[in-house]
Every structure is written in C-alpha cells, then in structure tokens.
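As structure tokens, the structure follows; a few thoughts come after it.
The values are calculated or read from the model by the stated rules, or taken from the named source; none is laboratory data. Note that this is a predicted model, so its numbers are computed, not measured. Neighbour counts run over all protein chains shown; Cβ positions are idealised from the backbone, glycine included. Surface areas here come from the heavy atoms of the whole protein model, side chains and all, with no ligands, DNA or RNA. Shrake-Rupley method; radii C 1.70, N 1.55, O 1.52, S 1.80 Å.
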Amino acid sequence: MTTLLSRRGLLACGCGLGAACFAATSLPALAASPSAKKTTLGADEALETLKQGNRAYQTDSPVRAVQGRERRIEIALGQTPFVVLVSCSDSRVSPEILFGRGLGELFIVRNAGNCVDTAALGSIEYGVSQLGVPLVLVMGHSRCGAVEAAIDVVKNNTVYPGSIGRMIEPIVPAILSQRDKPGDYVENCVRANVSRVVNRLRSASEPSLLDPLKAGKLRIVGASYSLDTGTVDFFDEA
Ligand SMILES: [Zn+2]
C-alpha cells in the first residue's frame, strides 16, 4: 500500500525529482510563508543572543542549537535570520559553532579577511532590506592569514599569485594605519580592518542600510574572535 501511494505521488508530479519532490510536496502545511515572517528580535536582543551563545561555547556548556528535520521543515519556505555576519573563511572560525546557533539563524558572508566587495555588500543589503535582519556583525580573528598576507605585502613587497593580491588590497590601508602603534601588530591590524569595514557600512550611501541605521532599527558592530580562548570580543558597538 505504501509503495502504491508513493508511486501515485511520484506519478502525479512531472518534475522528475522523484522521491525528494514527493517528500517536499507532502509537507506544505508545516512550512513558513516565504516573505511574511521576519525575526522578532531587535538589534540589542540579537547582539545579546550572540554574546550568550559565545559564552556557552567558551565554557563547553551544552547548547541545543536548532537543527534537524523539524527545524529544516519549519524554515524550508522562509528564513528568519537575526544577524548578517561578515567573517573570515578560516576553517577555525565556524560562526554557527562559536555562537551556538543552528539552521536559519545566521546570514553569513565569508571570505578570507572578512572584506566587503560588491557581492558582499549586496548580500548584506539583501539580509537587511529583504530579510529584515536588525544586526550586522563584522568579525575578524586572531592570526588571520589574510591580514598577515597584507602585512607581508606592506613590509616585504610580497607578490601573491592569481587573485590573492587583489583580494587582500582592501586590507592594506588598515595595515598602514597601525604602523608604530603599541601592542600586538597583527591583532591591531585585524581590529583596524574590522573597524574600517564597520565604518564603511555605517557611512554607505545605500538607503537600505542608512535608513534603518538612522531609525535605530539596525546596528552594525565589530568583533574579533580569539583562536586560543574561543572568546568573541565585541567592539565598535556604538
Ligand atoms: Zn582569517
């Protein structure tokens, strides 16, 4: 009987996706509306949620991240992320893990050095204007390879092959700004690079970011993640 029902279901749809399509079309009532739902969190609550999740991660506290079949179905037709996260591609900096979050919560833009080019900016604007995200977090991390490469360019005139050189070009002004400053040079550069991106986003001429910023409905915050302690240090919170 089960086989017969399954075959009828498959035959009723001509899309060719077979069992995958049948499974999806059999569960429409459980899915959220694609565009009507947005996160209910404000910017302050979103930031506090990230801070709480990171504190739990630092201490190895058990975290019940929303994932698995029920969550997958809940958000299949509509996502409600509460943060746009701009972070580095580094394999040790996995956003969902270090913030204890699950499916459908973080809208993530990742590239080496957490820079913002046209594709990244468009993704951020999409998250804010179309998905209603109230918080943008730009996060660097300790001993970032892209920042160290940019330092290498400045200090040693190193030339990287392919597109790597062009990719790290936007980091160079941050490197130059930190020469002769006290403290750990790489960490200073990581934070300066984050601050430059934060300031750029805050001063963007694009109304999709400016308007919610002026209205107090959007916050853009910087952070640096420690590979050693697992701590995310938030700054530029104003
Ligand atoms: Zn990095």
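Remark on LEU85: its backbone amide H falls under 5 Å from those of PHE107, ILE108, VAL109, LEU137, a criterion applied only to residues 5 or more positions apart or on other chains, H modelled at 1.01 Å from N. Cross-link partners for LYS155 among the aspartates and glutamates, with Cα-Cα distance under 20 Å and sequence neighbours closer than 8 places in the same chain left out: GLU169, ASP180, ASP184, GLU187.
Entry note, segment 189-238: relative contact order of 31 percent, from Cα contacts under 8 Å with a spacing of 6+ residues.
How charged is the neighbourhood of LEU213? Take every other residue with its Cβ under 10 Å from the Cβ of LEU213, and add Lys/Arg as +1 and Asp/Glu as -1. With Lys, Arg at +1 and Asp, Glu at -1, the net is +3. Where does the charge balance sit around ARG92 when Lys and Arg score +1, Asp and Glu -1, over other residues with C-beta under 13 Å from its C-beta? Once all neighbours under 13 Å are counted, the net charge is 0. Near SER177: Cβ cut-off under 13 Å, other residues only, Lys/Arg at +1 and Asp/Glu at -1. The net charge is +3. Pairs of Cα atoms in segment 38-235 fall into 10 Å distance bins, from 0 up to the last occupied one, in shares of 9, 35, 35, 18, 4, 0 percent.
Over the chain, give the accessible area per residue in Å² for a 1.4 Å probe, as an integer. Can you show the working numbers first?
Details: 12820 Å² over 238 residues.
The answer is 54 Å² per residue.
The mean sequence distance of close C-alpha pairs (under 8 Å, at least 6 residues apart), as a share of the length of the chain, puts its relative contact order at 19 percent. For segment 81-94, putting each phi into the Karplus relation 6.51 cos²θ - 1.76 cosθ + 1.60 with θ = phi - 60° gives couplings of x, 10, 8, 9, 10, 9, 9, 7, 6, 2, 5, 8, 10, 8 Hz, in residue order, rounded to whole numbers and with x for Gly and Pro.
Per atom type, segment 80-130 shows carbon and sulfur on 51% of its accessible surface, probed at 1.4 Å. Distant-in-sequence amide contacts of ARG219, defined by a placed amide H-H separation under 5 Å and a gap of 5 or more residues or a different chain, comprise LEU135, VAL136. Taken about its Cα centre, segment 38-235 carries a charge dipole of roughly 160 debye when the Cβ of each Lys and Arg holds +1 and the Cβ of each Asp and Glu holds -1. Nearest 5 percent is fine: what portion of the DSSP beta bridges confined to the chain is antiparallel? Looking only at bridges with both residues in the chain, the antiparallel portion is about 20 percent.
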